[in-house]
1. What net charge is computed for the residues neighbouring Arg34, neighbours being all others with C-beta under 12 Å from the C-beta of Arg34, Lys and Arg scored +1, Asp and Glu -1?
2. Roughly how many Å² is the accessible area per residue of the stretch 105-237, as a whole number, for a 1.4 Å probe?
3. Can you pull the percent of the stretch 1-103's accessible area that's carbon plus sulfur, 1.4 Å probe, other chains left in place?
4. Largest first and to the nearest Å, give the Cα extent of the chain along each principal axis.
5. Under a Cβ-only charge scheme (Lys and Arg +1, Asp and Glu -1), can you give me the dipole magnitude of the stretch 32-153 about the Cα centre, in debye to the nearest 20?
6. In nm, to one decimal, how far is the Glu46 label point from the Glu236 one, both placed 7 Å along Cα→Cβ?
7. Extension gain Arg163-Phe24, at 0.36 nm per residue separation less the Cα-Cα distance, in nm?
8. On the protein heavy atoms, probe 1.4 angstrom, tell me the percent of accessible surface of the stretch 150-221 carried by carbon and sulfur.
Amino acid sequence: MKLFAISDLHLSFDDRIGKPMAVFGRDWDDHAERLKEKWDELIGPEDIVIIPGDISWGLRLDEAAADLEWIGDRPGTKILIKGNHDPWWVTIGKLNREFGSEQMIFLQNKAWEVRGTGVYLCGTRGWVCPGPADFTEHDRKIYNREVGRLELSLKDAVSAGAREIIAALHYPPTNEMQQGSGFTTLLSSYGVRTCVYGHLHGKLNFARGMKGIYNGVEYKLVSLDYLKCTPLLLREF
């Protein structure tokens, strides 16, 4: 059993959407087909894939349905977390009722155990972090809420007896100066070993994301264009 991660799928299979990603550069040419090829080659039915946000360009759940069904058709168990471009993401209960299954889990405010291993997956969307001059009070309100949601997820893992925690955020856990934040403080204090995140696109932005080990946590950027449509293997059990 293997654990992978890849974010920012930016799918748009519904004919009403029409959001080709190729306008954002060559790394996005035929990205869904390239992802399908790599996914189906690397990932087996017993494997797990974390998808930390920006999943579908759909504005409503019915517009995202074709994209969610495409993900559901891929091998493995998929763990989905909301991104900033996922307005179709309704209540967690509705999502899990309509599209959830043993192979398709929408994660929010809770933790999910990797099949009896004692390893738990936690996460939340995240938000821009304090530091830049353009960080507003509106940003602070959302940031504080997202820090709280991450802690709920981490507490759920601890209360379940987690021996190891792996976290996923959509936004980077720091500002572009890679200063510590409420997210990094929580991840370190709860003993998280690995944190994956997405959101950053293009070579200039890739450099703005924290990578490597910081206060005991290893940070990995897993946005689709950074990974060139190839899910990243995090570990094998």
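The values are calculated or read from the model by the stated rules, or taken from the named source; none is laboratory data. Note that the structure is a prediction, hence the values are computed from the model and not measured. Note that we place each Cβ from the backbone using ideal geometry, even for glycine, and neighbour counts take in every protein chain shown. To get the accessible areas, we keep the full protein, side chains included, count just its heavy atoms, and leave off ligands, DNA and RNA. Shrake-Rupley method; radii C 1.70, N 1.55, O 1.52, S 1.80 Å.
1. -4
2. Accessible area per residue: 45 Å².
3. 49
4. Cα spread of the chain along its principal axes, largest to smallest: 44, 43, 31 Å.
5. I would put it at about 460 debye.
6. Using points 7 Å along Cα→Cβ, the separation is 1.2 nm.
7. Between Arg163 and Phe24, full extension yields an extra 46.0 nm.
8. Here it works out to 50 percent.
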